[in-house]
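Visitor: Please find one structure pasted underneath; my questions will follow.
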């Protein structure tokens, strides 16, 4: 699943949750959740995956000083 796919799915799930229903269509699939807690877990999981996909390697620069006496 690409980043764009995950973002589209997240938007769909948030829309379902904001409408106050437990089922709806996300893209071409129909999804139904048992409870709002299940829907919240799915949203949290997608948010975690999106954050992980966006994360880039960071360069760490460690300055050091040498004092010559």
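Taken together, the values in this text are just the output of simple stated rules run on the coordinates, not laboratory data. Here the structure is a predicted model, which is why all the values come from computation and not from measurement. Here the Cβ positions follow ideal geometry from the backbone for every residue, glycine too, while neighbour counts run over all protein chains shown.
Visitor: Looking at the chain, what % of the alpha carbon pairs are farther apart than 16 Å?
Guide: Percent of Cα pairs beyond 16 Å in the chain: 57.
Visitor: Same structure, new question: If you wrap a convex hull around the alpha carbons of the stretch 22-61, what volume per residue comes out, as a whole number of Å³?
Guide: About 64 Å³ per residue, rounded to a whole number.
Visitor: Could you state the angle between the C-alpha long axis of helix 3-19 and the longest principal axis of the C-alpha atoms of the chain, as a value from 0 to 90 degrees rounded to the nearest 10?
Guide: Long axis of 3-19 versus the principal axis of the chain: about 50 degrees.
Visitor: Sorted by mean Cβ packing within 10 Å, highest first, what order do the peptides 12-24, 43-55 take?
Guide: Averaged packing, sorted descending, gives the order 12-24, 43-55.
Visitor: If you don't mind, there's one more thing I want to ask. May I ask for the angle, rounded to the nearest 10°, between helix 36-54 and the longest principal axis of the chain, with both axes built from Cα atoms and the value confined to 0 to 90°?
Guide: 40
Visitor: Which whole-number percent gives the relative contact order of the chain, counting Cα pairs below 8 Å spaced six or more residues apart?
Guide: 29
Visitor: To continue, here is another question. Calculate the spin-label point distance for residue 68 paired with residue 43, positioning each point 7 Å from the Cα along the beta-carbon direction, and give it in nanometres.
Guide: 6.2
Visitor: Please give, to one decimal in nm, the separation of the simple spin-label points placed at residue 34 and residue 5, each 7 Å out from Cα toward the Cβ.
Guide: Simple spin-label model gives 2.6 nm for this pair.
Visitor: Can you put 11, 2 in order, fewest other beta carbons within 10 Å first?
Guide: 2, 11
Visitor: Kindly put 64, 33 in sequence by how many other C-beta atoms sit within 10 Å of each C-beta, fewest to most.
Guide: Taking fewest neighbouring Cβ atoms as first place, the list is 64, 33.
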